[in-house]
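Beneath this line is the structure, given in structure tokens, with notes to follow.
The values are calculated or read from the model by the stated rules, or taken from the named source; none is laboratory data. If you're wondering where the values come from, they're calculated on a predicted model, not measured in any experiment. In this analysis, Cβ positions are derived from the backbone assuming ideal geometry, glycine residues included, and neighbour counts consider all displayed protein chains.
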There are 2 protein chains.
Amino acid sequence: MKKKLSIVDIANSLNISKTTVSFILNGRAREKRISEELVERVLKYVKEVGYKPNSLAKSLRTGKSNTIGLLVQDISNNFYATIARQIEDLAYKNGYKIIYSSTENDTQKTQELIAMFRDRHVDGYIIVPPEGIEEDIRSLIKDGLPVVMFDGYIPKVKTDYVVVDNLFSTYNATRYLVDKGHKHIAFITFKSGQTQMIERLDGYKQAMKESKNPTLIKEIDFLQEDKPMIDPVRDFLNEHKEIDAILFGNNRLSIFGLKVLRDLNKRVPEDVALISFDDYEFFELYNPSVTAIAQPIGDIADNVINILLRRLNTSNDNDSKEHITLHTTLKIRKSTE
Amino acid sequence: MKKKLSIVDIANSLNISKTTVSFILNGRAREKRISEELVERVLKYVKEVGYKPNSLAKSLRTGKSNTIGLLVQDISNNFYATIARQIEDLAYKNGYKIIYSSTENDTQKTQELIAMFRDRHVDGYIIVPPEGIEEDIRSLIKDGLPVVMFDGYIPKVKTDYVVVDNLFSTYNATRYLVDKGHKHIAFITFKSGQTQMIERLDGYKQAMKESKNPTLIKEIDFLQEDKPMIDPVRDFLNEHKEIDAILFGNNRLSIFGLKVLRDLNKRVPEDVALISFDDYEFFELYNPSVTAIAQPIGDIADNVINILLRRLNTSNDNDSKEHITLHTTLKIRKSTE
DNA sequence: CTGAAAGCGCTAACAT
DNA sequence: ATGTTAGCGCTTTCAG
């Protein structure tokens, strides 16, 4: 059980001051005009004994932790998991660690997580905002902590964000269904005040208005358990036998929909056509394969982390925020053929 | 931009010493015989101004971080994601935070992650061990840090662990296929020296030996990209047209298998029956639904976190480790009917 | 019952 | 070019 070495141990062993060691370790040797020879010797010794600076002490002293906090709705959802992994990769390459957690769209849990992140002196935040955390975000900003949002954003708070053109995406998908001759097109979504969900709903409404067909909207409460979310879907479809096409607000709902349609012995696409917002590995494999609105996952992750890294490097409190809107792709598969 | 309050600020505002505040905040008021009245007053004030102790400073001082490090192969895999979430829940209720990451079965990445966790003074470790980290684990143990493994374990290192009876599970599943009249049963798995994979392979071999049929084994290299793992599966099935049943070593492989079988126009179960190790939401929905060996996810998570919490609370260096083996369930569905 | 003071490991003014 | 030293915010021994 070897004692952990400290910078003082290193300094003593080498008969120099810990300041010198600190400067060398932080790459400020040149600046401080420390001899090449000494630098060499210190670095060699440090490597030899495997000394690692205590990051806790470092953070306490500097106020920086080289950590980025990432909050998404559900890290086990493929969409977020993929983005998280890519963000993590890029962050690592730039010397940042990622610490992430799922908000489960729960305002209170999110508040606690933000508090915990603050507590750990996280340097920057990447957040998919649930409703009602406006104040918490505002407080982060006020304290000069960079915040980048994605997926959705909070209209009343000025932050950088990266989103997709949700409205056009569902508008376009709905139009596609209309053009295929469907009359009774339903939109099943989560009840949510989040911008992304509102926009998706609006896109659908707009297309339906143009098609002169009535809207058929079902908003499901977002819950932890599957069953109480699946049942309303089933009830809704039972109440509206006329439905001949469904657009789902995200991939979780699409899975629910597939289950219900199977249980109801509805044929896809003969009885009901369907489109999922968010693609999923499994949609391509399913029989019939499922038409989906695919988000540019790689681009989203790239943009998010790049913006944040830029903010982290330039601490000027620039008031102009970046708002990036990316485009989705409608992947047409068998469920709408 | 309000200045963060420190314990000194609290003490000054109340005209008492920071020691007293510290004692009260750490519930040692009784022990130190501090007046009820003062305790009340301090707590009230603390809540009022929203003071939160700086956990960095606390950790630096105490050496404890109240954090548990969780390392699994792939946090976006449903199996691990579900376990992680449940572990997180229970940990929170006991005052611990979880910080997790994916090893991707990469030894070096795992070593770096362990180093990072150590650096952050993580109090305890939950690890699904990749190959070759024996020494790193040993070093953790030597330094008195509790380590609980699950899914697999490292035979040469004494730690607590929670696993399932892998050998019996595949033995049983293979027997089931044999009893159904299948003769050419293949086992497709990841090439791995991990105990769980070895045991699964052994279970299959044992059942095949009893059935007097030849074994048909394909070991795939674990990679980041899907395609180079899918291709070998396809090649293998093309080379062995006689195969009439397949047992997959885990759910990721099963997904690959389903894709290949679809591309090859093989009917399931008429041409080929199949069983997946690890269940998946999607297997029940797929047509035909997929027979799977389901692990008791909830039980695994419960056991893991409970053992770790116990170790964390009783710091006696008890040498006797807990080895828990849980049972799986063969969920028979249409893919083997 | 309460306070003074040391110290966890590190950084960075300020000296020299 | 290198050393001295004062904290970052907290816990905890030791003295009252």
Is it true that some residue in the range A:292-305 is within 13 Å of another protein chain (Cβ to nearest Cβ) and either more than 30 Å from A:Gly95 (Cα to Cα) or acidic (Asp, Glu) (or both)? no
Subset of the range A:13-43, residues of a type in the set (S, T, N, Q), on the phi < 0 side of the Ramachandran plot and away from DNA strand C (no atom under 11 Å from the Cβ), comes to A:Ser13, A:Ser35
#### Entry: B:Gly124 being crowded, with 22+ Cβ neighbours inside 10 Å, over 30 Å from B:Thr329 (Cα atoms) and not aliphatic (A, V, I, L, M)
yes
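Go through the range A:68-87 and report how many residues are over 13 Å from A:Leu309 (Cβ atoms) and in contact with a strand residue (DSSP E or B) (Cβ under 7 Å, 6 or more places away or on another chain). Spell out how you get there, then give the answer.
Filtering the range A:68-87 for residues over 13 Å from A:Leu309 (Cβ atoms) gives A:69-86.
From what's left, in contact with a strand residue (DSSP E or B) (Cβ under 7 Å, 6 or more places away or on another chain): A:69-75, A:80, A:84.
The number of residues fulfilling the criteria is 9.
Determine whether A:Arg61 is away from DNA strand D (no atom under 12 Å from the Cβ), within 13 Å of another protein chain (Cβ to nearest Cβ) and assigned to a helix (DSSP H, G or I). Let's see the steps before the verdict.
Working: away from DNA strand D (no atom under 12 Å from the Cβ): no; within 13 Å of another protein chain (Cβ to nearest Cβ): yes; assigned to a helix (DSSP H, G or I): yes.
Taking the combined requirement at face value, the residue does not satisfy it.
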Checklist entry - Hey, any hits in the range A:65-72 for a residue that's more than 19 Å from the chain's Cα centre (by Cα), without any contact (Cβ under 8 Å) to a residue 40 or more places away in the chain and within 16 Å of DNA strand C (Cβ to nearest atom)? => result no
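What residue, of B:Asp160, B:Asp165, is under 18 Å from the mean Cα position of the chain (by Cα), surrounded by fewer than 24 Cβ atoms within 10 Å (Cβ to Cβ), modelled with pLDDT of 95 or more and under 17 Å from B:Thr328 (Cβ atoms)? Explain how you work it out, then say what you get.
Details: B:Asp160 fails: under 17 Å from B:Thr328 (Cβ atoms).
Answer to the selection: B:Asp165.
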Given (1) over 16 Å from the mean Cα position of the chain (by Cα); (2) in contact (Cβ under 8 Å) with a residue 60 or more places away in the chain, B:Ile300 misses just (1)
A:Lys4 meets each of (1) within 11 Å of DNA strand D (Cβ to nearest atom); (2) within 14 Å of another protein chain (Cβ to nearest Cβ); (3) over 26 Å from the mean Cα position of the chain (by Cα) with one exception, condition (1)
Turns out the helices (runs of 4 or more DSSP H) fully within the range A:75-179 with at least 2 residues that are within 14 Å of another protein chain (Cβ to nearest Cβ) and touching a helix residue (DSSP H, G or I) at 6+ places or on another chain (Cβ under 6 Å) are A:78-93, A:107-119
Given (1) in the same structural domain as A:Ile87 (by TED's automatic domain parsing); (2) within 17 Å of A:Glu219 (Cα to Cα), A:Thr170 misses just (1)
Within the range A:44-58, restricting to residues that are assigned to a helix (DSSP H, G or I) and not aliphatic (A, V, I, L, M), the one that is nearest to the other protein chains (Cβ to nearest Cβ) is A:Ser55
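This table checks each residue for (1) over 23 Å from B:Pro130 (Cβ atoms); (2) assigned to a helix (DSSP H, G or I).
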residue	(1), (2)
B:Gly181	yes, no
B:Phe187	no, no
B:Gln196	no, yes
B:Arg200	no, yes
B:Ala207	yes, yes
B:Lys218	no, no
B:Phe222	no, no
B:Arg234	yes, yes
With criteria (1) crowded, with 22+ Cβ neighbours inside 10 Å; (2) closer than 23 Å to B:Ile87 by Cα; (3) touching a Lys or Arg at 6+ places or on another chain (Cβ under 7 Å), B:Ala301 comes up short on (3)
Note on the range A:7-43: residues within 19 Å of A:Leu56 (Cβ to Cβ), part of a helix (DSSP H, G or I) and more than 10 Å from DNA strand D (Cβ to nearest atom) are A:Asp9, A:Ile10, A:Leu25
B:Ile275 vs (1) more than 30 Å from B:Asp143 (Cα to Cα); (2) surrounded by fewer than 21 Cβ atoms within 10 Å (Cβ to Cβ); (3) among the β-branched types (Val, Ile, Thr): all pass except (2)
Selection from the range B:23-40 of residues closer than 18 Å to B:Ser13 by Cβ and surrounded by 11 or more Cβ atoms within 10 Å (Cβ to Cβ) yields B:Phe23, B:Ile24, B:Leu25, B:Ile34, B:Leu38, B:Val39, B:Glu40
